[in-house]
Amino acid sequence: MKERRKPKASPPTGDRPGADFFRVEVLNRQRKVAVDVARLREVAAFVVRQLGLLGRELNVVLLSDRAIRRLNARYLGRPGPTDVLAFSQREGVAPGPENRMLGDVVIGAETAARQASERRAPLNAELDLLVVHGVLHLVGYDHVGSRSERVRMRRAEARMLRVLHRRMPP
């Protein structure tokens, strides 16, 4: 009988406890798309540092289309899979030592791979964008409301990705 392997989780990234501490964990809960989990963890850690979110914890979770489709229907009432969902743990809660959790960025790995292929871009570039996009949502950026909000978020994404890709090409 073939032994089933557990999906990979990356070891948490972070600095020492204190004001500059942060924790990023990447959980790969899908098996169809090969993802460089260690690289994705470094991308998420970069975003946390760039946004000054030290003292916080962030989870990035990679799911199958089937799993993210269920979350998309349950939480947003939308049918079908999506590329990224962001679940904030900060809404309505004052920051403090007992409330370190920023939230979860949940990525549909199969959808991300399709989008990368359609754009003729490396999968890493698409995953980078989705991590940046998800974390920006967690800190209050939005693209659904006004045009000015959309422009503000797209500019923040572009700036962050420019700096990231100079340091860590996709």
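The values are calculated or read from the model by the stated rules, or taken from the named source; none is laboratory data. It should be emphasised that the depicted structure is a prediction, and the values quoted were computed from it without experimental measurement. Cβ atoms come from the backbone with ideal geometry, glycine included; neighbour counts cover every protein chain shown.
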Over segment 44-59, the set of residues more than 12 Å from the chain's Cα centre (by Cα) and assigned to a helix (DSSP H, G or I) is R49, Q50
Of the conditions (1) surrounded by 14 or more Cβ atoms within 10 Å (Cβ to Cβ); (2) over 20 Å from A73 (Cα atoms); (3) modelled with pLDDT of 95 or more, the single one that R90 does not satisfy is (3)
Filtering segment 128-170 down to residues that are over 19 Å from E57 (Cα atoms) and hydrophobic (A, V, I, L, M, F, W, C) yields L129, V144, V151, M153, A156, A158, M160, L161, V163, L164, M168
Across segment 150-170, the tally of residues that are over 17 Å from the mean Cα position of the chain (by Cα) and either in a loop (DSSP other than H, G, I, E, B) or of a type in the set (S, T, Y) (or both) stands at 1
In the set L40, L85, L102, L62, the lone residue that is modelled with pLDDT under 95 and not in a loop (DSSP other than H, G, I, E, B) is L102
Here the residues within segment 132-149 that are surrounded by 11 or more Cβ atoms within 10 Å (Cβ to Cβ), of a type outside the set (G, A, S) and assigned to a helix (DSSP H, G or I) are V132, H133, V135, L136, H137, L138, E149
